[in-house]
1. Looking only at helices (runs of 4 or more DSSP H) that fall completely inside the stretch A:166-276, which ones have 1 or more residues that are on the phi < 0 side of the Ramachandran plot and within 11 Å of chain B (Cβ to nearest Cβ)?
2. Does B:GLY101 count as more than 10 Å from chain A (Cβ to nearest Cβ) and in contact with a Pro (Cβ under 6 Å, 6 or more places away or on another chain)?
3. Is there a residue being away from chain B (no Cβ under 13 Å), farther than 30 Å from B:VAL214 by Cβ, free of Cβ contacts under 8 Å to residues at least 60 places away in the same chain and in a helix (DSSP H, G or I) anywhere in the stretch A:116-135?
4. Within the stretch B:123-152, how many residues are part of a helix (DSSP H, G or I) and farther than 30 Å from B:ALA170 by Cα?
5. Of the conditions (1) within 11 Å of another protein chain (Cβ to nearest Cβ); (2) out of contact with any Ser or Thr (no Cβ under 8 Å at 6 or more places or on another chain), B:GLY239 clears all except one; give me its number.
6. Give just the number: which of (1) touching a helix residue (DSSP H, G or I) at 6+ places or on another chain (Cβ under 7 Å); (2) within 14 Å of B:THR155 (Cβ to Cβ); (3) surrounded by fewer than 24 Cβ atoms within 10 Å (Cβ to Cβ) does B:LEU103 not satisfy?
7. Quick check on A:VAL15: is it crowded, with 16+ Cβ neighbours inside 10 Å, at pLDDT 75 or above and farther than 13 Å from A:LEU285 by Cβ?
8. For the subset of the stretch B:242-260 comprising residues that are buried (at least 20 other Cβ atoms within 10 Å of the Cβ) and within 18 Å of A:ALA143 (Cα to Cα), which member is nearest to the other protein chains (Cβ to nearest Cβ)?
Amino acid sequence: MSGYLVRRALQAIAVLAAMSLLVHVLLALMPGDPVDLMASGDPRMTAADLQRLRELHGVDRPVLERYAAWATAALQGDFGWSRSFRRPVLEVIAPRLWNTVLLMGSALALALAIGLPLGIWAAAREGSMVDRVVNLACFASAATPTFWLALLLMMLFAVRLGWLPAGGLPPAGSGLSGGLRHMVLPVATLALVEAGTYARHLRAAMLEALAENHVRTARAKGASRMRVLLVHALRNAMIPVATVAALGFGGLFSGALVTETMFAWPGMGKLIYDSILGSDFNVALVALLFATLLTLLGSLLADIACAALDPRISLAEAGRE
Amino acid sequence: MSPRRGLGRAAIALAATLALLCAAAPLVEAALGLDHEATDLLARLEPPSLAHPLGTDDLGRDLLARLLHGGRVSLLVGIVAATIAAVLGTGLGLAAGYLGGRLDSILMRLTDLVIALPLLALLIVLAAVDLTRLGVPEDVARSPEAGLARIVAITAAFGWTTVARLVRAATLSLRSRDFVRAAVALGASPARVMLVHILPSAMPTVLVATALAVGEVIKFESVLSFLGLGIQPPVPSWGNMLTNAQELIWTAPALALWPGLLILATVATCNILADAAAARMRPGSGAGRR
């Protein structure tokens, strides 16, 4: 187990290093350079000032040289300064990282709470009306653009009915219920587009599991229908679902980015989007790296869940190949 | 007729209708006397009428005509990018599945990695890259065609993973079949075995995976365009038609309805088609011919 974790950690470091280099090169290709932006904010700057600023920030040096300088500083814990927030990058990112984890975690929990029972229900009544409706709903859920669902929910619950706020964080001092009210729409949006995938995969896996010998034996021994479904079949059927979840964290983060942007939820996704559009490249780079770390951690957790569910999978061997 | 088959047929009908209508957008426009580019500031946000079957948008442009033209763009991007992704993914999947070994494990690691990345964030970075800094002339970089080509390139560059995984799985099962082993025994080169013997049998899988990829690409295109980083106005796409809709949800909710509904229908259609085709390919699933 510890060997496995070490291997995964090394992989993650390699991925982050590659990612930081790639994004660094890409960010150098963005329109506008930081010094021009500073100059546009201060009309008194002269050409000589600009040149000095360029040298100070190293904008005039080659990309790889700048990357090396950034990486050296980053390894010492200095991730740079945010131009638009006028604070160190890490201070900008920390609260937003928590907001995103909160959003993604709640949405994933809700998606599983909706998707898994539906998948079991559909599999238990294969071919029935229920099965067909769930099947269609799953296709609809997987095909719905997240931003459009966000728009619809906003239109219905915030504009038409006025039940829930259309976005943002609760004002300070509004307490737990105020916080929850602001979370409802973003979490529901993200959960609804994710739920279909889980329901579909669980249904397919349940059908497969229900046809297995041990399930037939359980039935023959007189186990109740519920017991067969929830105890004997479900455990095996959860394995492919855990695999889907492990591979799904990248997609979940993409969904979170859209949801955060739509509902003005101050999380990592919105931060990445805003900082790229606002040319705050120090923030964009580090936020992207943290987002990558987040999705890698998510898949690691799901892999561990997979191994816990399936005694045939040994983590010690899984990483080796 | 099994329900799944019925759904599959409905999907084919819907796909054909949508594709035909969008492809024939200029004809439909001419027949109905509409123009997707003509603005009419005196007729902004009009409700549906005879002159404008679905009403007009915030600049007084006809909504139906823009939806059809937007569909042309969205479908074109989806099909072209998915085809490129399919060719790429098929090549990688064949090589990984047939040659196996180190190559296989590296390719599959790479696939898992691409899937695990926060892809949309990366696509946003790619979409924001200034093409002139790569040596593309200013006027070319700002043209609508360059915008199209860019979105096709970046969605294709990340859209190959599903195809590669599915084709690899198909190749693995085909590799040990007698006709393939006979070809190997007769001295066929690996390239010949892959392209002449395995690929034709893996073609149904490739098509299923391509249909899935079309849906995926259309979703990515729509969200990038919505965020202002994909297809640029005034060229309409279903995604960028929704950009303004967000500010108009108080005054004109209908504007937000149609483009999203069409994206939903198109992507669902692709997925249902792929699912129905995959069910037909599975032996003994009861959905086969017979």
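The values are calculated or read from the model by the stated rules, or taken from the named source; none is laboratory data. Remember, it's a predicted structure, so these values are computed and weren't measured experimentally. A quick note on method: Cβ atoms are made from the backbone with ideal geometry, for glycine too, and the neighbour counts reach across all protein chains shown.
1. Numbers: elements: A:175-210, A:213-220, A:234-263.
Those helices (runs of 4 or more DSSP H) span A:175-210, A:234-263.
2. Numbers: more than 10 Å from chain A (Cβ to nearest Cβ): yes; in contact with a Pro (Cβ under 6 Å, 6 or more places away or on another chain): no.
Answer is no for this residue.
3. Yes: the stretch A:116-135 contains one or more residues that are away from chain B (no Cβ under 13 Å), farther than 30 Å from B:VAL214 by Cβ, free of Cβ contacts under 8 Å to residues at least 60 places away in the same chain and in a helix (DSSP H, G or I).
4. Kept after step one, since they are part of a helix (DSSP H, G or I), are these residues of the stretch B:123-152: B:123-128, B:131-134, B:138-141, B:144-152.
Next cut, farther than 30 Å from B:ALA170 by Cα only: B:124-128, B:131-134, B:138-141, B:144-150.
Selection size over the stretch B:123-152: 20.
5. Against the list (1) within 11 Å of another protein chain (Cβ to nearest Cβ); (2) out of contact with any Ser or Thr (no Cβ under 8 Å at 6 or more places or on another chain), B:GLY239 comes up short only on (2).
6. For B:LEU103, the failing item is (2).
7. Numbers: crowded, with 16+ Cβ neighbours inside 10 Å: yes; at pLDDT 75 or above: yes; farther than 13 Å from A:LEU285 by Cβ: yes.
Yes.
8. Initial filter on the stretch B:242-260 (buried (at least 20 other Cβ atoms within 10 Å of the Cβ)): B:242, B:245, B:252, B:255-256, B:258-260.
Among the residues that remain, those that are also within 18 Å of A:ALA143 (Cα to Cα) are: B:242, B:256, B:258-260.
Working: B:LEU242: 6, B:ALA256: 5, B:TRP258: 11, B:PRO259: 8, B:GLY260: 3 Å.
Only one residue fits best here, namely B:GLY260.
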